[in-house]
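Quick note: the coordinates plus some simple rules give every number you see, no bench work behind them. As the structure is a prediction and not an experimental result, all values here were calculated from the model. All Cβ positions, even for glycine, are placed from backbone atoms using ideal geometry, and neighbour counts span all protein chains on display.
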Amino acid sequence: GYEGILRRQSLRESAARTYARSLPIVPVRARGLTIEGADGRRYLDCLSGAGTLALGHNHPVVLEAIKKVIDSGAPLHVLDLATPVKDAFTTELFATLPGPLADDARIQFCGPAGTDAVEAALKLVRTATGRSGLLAFTGAYHGMTAGALDASGGAPDVRVTRLPYPQDYRCPFGVGGERGAELGARWTENLLDDPKSGTGTPAAMILEPVQGEGGVIPAPDAWMRRMRRITEERGIPLIADEVQTGVGRTGAFWAVEHSGVVPDVMVMSKAIGGSLPLAVVVYKSTLDAWEPGAHAGTFRGNQLAMAAGAATLAYVRENRLAERAATLGARMLGALQGLAAAHPCIGDVRGRGLMIGVELVDPEAERPRASDPVGDAVPPPAPALAAAVQQACLERGLIVELGGRYSSVVRLLPPLTLTDEQAGAVLDRFADALAAAER
Ligand code: PMP
């Protein structure tokens, strides 16, 4: 039975599993926002495979596209040969690209995961520039393979210069807002232009237009444009990691569109495969420095993923789901801000489109920087409360993920197909869970 499945998996699987521990669910059926467990309970899934399910679970157009490939007798796995399915996917994807990139793009199909595409992007810029250093940001998350880890944090193998990612809340410069972003930009320029800083001219800058795992932190548009100018002036390729932010999630098809920034390289995965594994790098043709065979990988030809992905991209475009994410997301943010006004344990509510974060804090604790002359000190993060809220949500049939530098941010990543009514149910359950966890 269901208890047996949970027990056996917890014995057999590695200790590295995270949300499987706090979400003891055995899903057996799913549709749209809803997951049904083996125990018959139903849950509203606002984790969506960490933002993968742009159309929710088992959307009919996705299932239809998969069935069509199977019924056609087409090969399901063909490495990187050209096929009609791949052609349709690439055409659909290129139609979504920001103008100047669409006119002159190349695509590299990578291994199945986002982290594979990050590796390929890093290798590409290093090959193209002949340089190795990298500019990356505090709080970044780019994946779990070695190069992607270098870009994310920890002890890098290559020279990574870590720059402050702009934050309103917990701004590293203690000022937040435009001023904080401006100071971060100047910090970046100073490092690059100081011959003694050791930064030199790196192979690339990699950034997330909205940090996801880092705690749902949207970069201001002006800061994005500033990063574009800084990199352009110095001949440094800009890599936008849109693995989590892409395909309408933030209220634009690609999150870089909010600022009008056109990166040199875009890393894409998650939603582009319509719930099946697919990852690509799209880049300006001038960077196409690969020799034949320079980048390989067995699983780069998953036809089902390409078909499911093409159907998803087309559905998001035709039904203007990015715009829908923008309006519905703004409404949900507003409602959560209202909730924050009544609950001092909500330190911050932020996000863009349907990528939403609620940061929980301990309002009673002594402010760690109370004597800070800048005076912006904020209460300390409350990871235990965040975990309690996640559990209380689960008990009320709502699945949410935690994230952020201190695991104190509750993240909501509902499908873009969310209805007004469903959004209301999600918010009600969340409010109820928060009140219960606070007690
Ligand atoms: N980049 C970003 C921005 C991500 O959010 C993630 C995954 N959460 C990755 C890269 C890595 O993708 P994957 O887990 O598929 O390797």
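Numerical summary
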quantity	calculated
Check on Tyr141, within 16 Å of the ligand (Cβ to nearest atom), of a type in the set (Phe, Trp, Tyr) and touching a residue at least 12 places away in the same chain (Cβ under 8 Å)	yes
Strands (runs of 3 or more DSSP E) enclosed by segment 1-50 - at least 2 residues per element that are without any contact (Cβ under 8 Å) to a residue 40 or more places away in the chain and farther than 25 Å from Ala113 by Cα	34-37
Members of segment 91-123 that are within 16 Å of the ligand (Cβ to nearest atom) and not small (Gly, Ala, Ser)	Gln108, Phe109, Cys110, Pro112, Thr115, Asp116, Val118, Glu119, Leu122, Lys123
Boolean, Ala314 is buried (at least 24 other Cβ atoms within 10 Å of the Cβ) and not aromatic (Phe, Trp, Tyr)	no
